[in-house]
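One structure is given here, and the rest of the page talks about it.
The numbers here are math on the coordinates, done by the rules we state, and not lab data. Computed from a prediction, not measured in an experiment: that's the story for all the values here. Cβ placement follows ideal geometry from the backbone for every residue including glycine, while neighbour counts extend to all protein chains displayed.
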Amino acid sequence: MHDLARALADQLHPGTAPRDVTVCFGARRQAPVEYRSRGRGGPVTVYAQALHAALYGLPTHDESLPTALDALLQATHTATAPEQKTAVLRQVAEQLRNAAEIIQRYQCRAQWDRLPTDVAEPHTTADLPRQPALRERHLLATTTDSLQALLAQPRCALGVFVPAGLHPARAERHQLAQIARAGADLFEIGLAHHDASLDGPVIQAAYRRALSRGNVLARALRAVEHAAGLRPTVVMTYWDPVSRHGPERLARLLADAGAVGAMVVDLPDDQAERWQAAAKAANLSAPRLVPRHLADTGLATVAAGASGWLYAPASTAPTGYRGPLDVPALADFTTRLRTTSPLPVVSGVGISTPALAERVAPLVDAVVIGTPVVRALMTAPEQAPALTAAFAQALNPYATTETRA
């Protein structure tokens with residue numbers, strides 16, 4: 001039953017371990033089934049009747065329901081041959097994936113319905129209210145357009161990297177709101193990973209803390225949802241979590257949470273096409289990190305598969321580097337990128353002070369700060385807004401942050 005527990009845990013609370021979720025079944029043929037799960041996030045109750053109705057197009061009133069899911073659950077106890085058990089577990093996992101996608105669609109519709117009328121109506125046509133799926137795609141497209149408009153502005157935008165799950169949800173919401181008001185134009189939300197080889201000790205420590213809290217993917221999706229309600233939001237991740245959760249599934253989850261893009265910082269060359277297709281299908285931008293050492297042919301290949309932006313590291317060191325920057329070399333590299341692709345160019349890594357941000361700003365469309373803010377969030381979260389404001393002031397010295405929405 002361990003495999004079944006893992007499948008159920010991942011579907012009910014994505015990213016959690018089986019020990020963190022307790023599931024009780026009451027299954028009887030020709031009868032509705034109630035599923036109860038309790039995890040660290042509190043009780044969750046889902047009735048099989050509603051899931052049956054959504055999965056199979058059945059009425060929701062009190063009638064005997066087909067027992068496809070019920071029979072599968074019973075079969076987990078009665079199957080004896082290994083191949084039978086494997087087949088049953090695969091079927092259960094597929095049913096749970098379908099159910100999770102249905103719930104996500106309902107959540108997206110609920111988020112749309114909560115929008116103020118003056119926000120929703122400009123993006124609604126006569127057909128949209130009757131076609132929720134089209135309405136969801138329209139909302140996502142509108143958000144993606146906001147990122148493109150931001151990066152097309154003559155001034156250099158400020159992006160702020162925040163690791164998901166570093167603090168409890170309420171504190172995280174408050175921190176994101178304060179950072180947005182302090183001058184952040186966009187958010188990069190980091191999906192915690194145990195082997196963050198391109199990151200320095202500060203972000204690695206932040207990821208370890210997030211991992212120790214459990215429910216990594218669920219917490220990341222919640223952080224994305226909060227951040228996306230404030231500013232355009234792009235997820236930063238390594239390939240391993242993408243591979244484990246499935247590129248197509250993870251792309252849909254991130255898009256449903258409100259992300260406008262996702263950048264896989266160590267995307268393998270042989271997986272690039274699959275990831276780009278998955279991101280495109282979910283209406284996500286797929287920015288690419290471009291190593292400075294690439295020859296022109298390799299640079300063109302990477303740029304051709306990217307969307308949203310090209311990421312030009314300001315330093316070749318891991319994140320958190322505090323030394324001097326070779327700004328002329330970065331200028332030459334950004335020139336090569338702009339010659340190769342019309343995509344905006346964004347820079348981060350090693351931009352450790354507002355003064356350095358001011359020097360990099362004329363070369364790129366956005367500067368992203370990470371380690372300075374993460375260090376504050378780890379040790380003194382109340383300092384993160386002031387630190388963000390200092391960088392925002394350096395990029396746009398005539399702007400004020402007090403009136404930002």
Please work out how much length the chain gains when fully extended from Thr78 to Arg170, using 0.36 nm per residue of separation minus the C-alpha to C-alpha distance, in nm with one decimal. 28.7 nm
Phi angles of the range 181-189, converted by Karplus (6.51 cos²θ - 1.76 cosθ + 1.60, θ = phi - 60°) into ³J(HN,Hα) in whole Hz with x for Gly and Pro, give 5, 6, x, 5, 8, 8, 10, 10, 9
Just want to confirm a number: the relative contact order over the range 136-395, from Cα pairs under 8 angstrom separated by 6+ residues, in percent. 23 percent
In whole Hz, the Karplus estimates of ³J(HN,Hα) for the range 300-306 (6.51, -1.76, 1.60; θ = phi - 60°; x where Gly or Pro) are 5, 5, 5, 5, 5, x, 8
Would you mind checking which residues have amide H under 5 Å from Ile189's amide H? H placed 1.01 Å from N; only 5 or more apart, or other chain. Val162, Val234, Val235, Met236
Ranked list, fewest to most other Cβ atoms within 10 Å of each Cβ, for Trp275, Trp239: Trp239, Trp275
Using θ = phi - 60° and the Karplus relation 6.51 cos²θ - 1.76 cosθ + 1.60, list the HN-Hα couplings for the range 230-247 in order, rounded to whole Hz, with x at every Gly or Pro. 10, 8, x, 10, 10, 8, 10, 8, 8, 5, 4, x, 5, 5, 5, 7, x, x
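Would you mind ranking His293, His194 so that the residue whose beta carbon has the fewest other beta carbons within 10 Å leads the list? Please list the in-between numbers first.
Values: His293 9, His194 12.
By the 10 Å Cβ count, ascending: His293, His194.
Between beta-carbons, use under 13 Å as the cut-off and find the net charge around Asp266, counting Lys and Arg +1, Asp and Glu -1.
Numbers: positive: Arg288; negative: Asp195, Asp199, Asp240, Asp269, Asp270.
Residues near Asp266 contribute -4 overall.
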Out of residues 5 or more away from Ala196 or on other chains, whose amide H comes under 5 Å of its own, with H placed 1.01 Å from N in the peptide plane? none
Placed amide H near Val368: partners under 5 Å, 5+ positions off or other chain: Gly159, Ser347, Gly348
